[in-house]
Amino acid sequence: MDIDKKIKDKLSEKESIPEGILEKVNDAFNEIRNGEEINRNKKIKSKINKKIVASFIGVCLILSFSIGPKVLASIEELLKDRGIQKAKSNGYVQEMLDNEVKDNGISIKVNEIIPDKNKIGISFTLNFDDADKLNDVSGLRFGFNIKDNNDRVILGKDEEGMYSPYFTGVEWNIDLVNAESGEIECDLIITDTKSIIEDIKSISLEIVDIALYKNNSDSIEKINGNWNYELDLYDGVTNVESIGYVLEEENENIKFDSMVSSATNTIVKMDINIEALKVDENIVNKMILTDENESNIYKFTNGNMENIDGGVRIAFMYDLTTFDDLDKVKIIIRDINGEDIKISLRKDN
């Protein structure tokens, strides 16, 4: 949480960084981008490899070199959702106006929405009347309820905390760079691999509390209030056609269902005979999506996996988007012997 700001603050104290170390830093970021862990819950969620990140930060702090623009760009790219950023840079964004709601000394404005049939990005700005409340704050979390236009609870808050009836995922990005003036920028990203949110047209968002944290874990204060919004998702957003992909050659151990790229992501669905392919149950760490030349790897961002007779059924989300417009892609699965199983796909015309 907020690691980009901390790195910028800590590593901007000295002068230049040697080119050799700069190269190693960028190599390290490439490793981090490709390192994924599986959440051992019923749903799968990508995580940055915390050990790699911690080791990398520790080395940088000991060296006390400043980080230049090239590496800062890498940090920002690493910690933001590439699919959301790709859609936004191509104009796929709905800017919101005149929706600021104030309660209990805090004003919250929804700045923009990036809606997709299986991912929704919402950007907020918070302004605190009492900026001193943000002293020593390192993180923030909303308690909220989100319902769709069919009155289904997509994400909710109860006495035990946040929950999702449909196993939808949620991710936060918090920017505290202007906290001293009482301002916080916040991005909320909702992801779905089970086709729950694909047909919703609007959402009601009710924020019921704001928890402020110190050192990312110790709660400083929880502020209750009512900040309510009715948000149309596709009001003025340009329609973007999805891109489907089909197998170029069948594999008897893979029952391919679909691979579809949309404005913010790509979802791959298939059944895999993990025993025949000599792949263990930790397949999320062994499966990558890349372009035809294997020069770019697209990051796993969320997923769902369930056991079936003879293997597993997966629905994995990656940050490849329609705007990348690839004619051909590859799925590479590494088996338990370290051998690569390569599956080629082409755009379905």
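The values are calculated or read from the model by the stated rules, or taken from the named source; none is laboratory data. Just so you know, these numbers come straight off a predicted model, no measurement behind them. So basically every Cβ, Gly included, is an ideal-geometry build from the backbone, and we count neighbours across all protein chains shown. For the accessible areas, the whole protein counts, side chains as well, though only heavy atoms, and no ligand, DNA or RNA atoms are used. Shrake-Rupley method; radii C 1.70, N 1.55, O 1.52, S 1.80 Å.
Which FRET efficiency, nearest 0.05, do Ser242 and Asp98 yield, Cβ-Cβ r, R0 35 Å?
Efficiency, rounded to the nearest 0.05: 0.60.
Evaluate E = 1/(1 + (r/R0)^6) for Asp175 and Ser344, where r is the Cβ-Cβ distance and R0 equals 56 Å; express this FRET efficiency to the nearest 0.05.
0.90
To the nearest 0.05, how large is the calculated FRET efficiency for Ser89 and Glu294 if R₀ is 25 Å and r is the Cβ-Cβ distance?
Here the calculated transfer efficiency is 0.55.
In terms of modelled amide H atoms, which long-range or inter-chain residues lie less than 5 Å from the amide H of Val170?
Placed amide hydrogens put Thr191 under 5 Å from Val170.
Would you mind checking the range 132-158 for residues with the amide N under 15 Å from a putative spin-label position 7 Å along Cα→C-beta of Val208?
Counting only backbone N, you get 142-147, 153-158.
Hey, rough spin-label estimate for Asn111 and Asn228, points 7 angstrom out along Cα→Cβ, what's it come to in nanometres?
2.7 nm
Taking the range 82-237, how many lysine pairs are there with alpha carbons less than 18 Å apart, if each pair must be eight or more places apart or span two chains?
19
Below 14 angstrom from the Cβ of Ile336, what's the summed charge of the other residues (Lys, Arg +1; Asp, Glu -1)?
Taking every other residue near Ile336 into account, the sum is -3.
Starting with the highest mean, order 295-302, 110-117 by the number of other Cβ atoms within 10 Å, averaged over the residues of each peptide. Don't skip to the answer; put the middle values down first.
Details: 295-302: 19.2, 110-117: 21.1.
Answer by packing, highest mean first, reads 110-117, 295-302.
Once you have the Cα-Cα distance between Asp129 and Glu249, take 0.36 nm times their residue separation minus that, and quote the gain in nm to one decimal.
On the way: separation 120, 0.36 × 120 = 43.20 nm, distance 6.12 nm.
Value of the extension gain: 37.1 nm.
What does the accessible area per residue of the range 82-237 come to in Å², with a 1.4 Å probe and no ligands, DNA or RNA counted?
That works out to 47 Å² for each residue.
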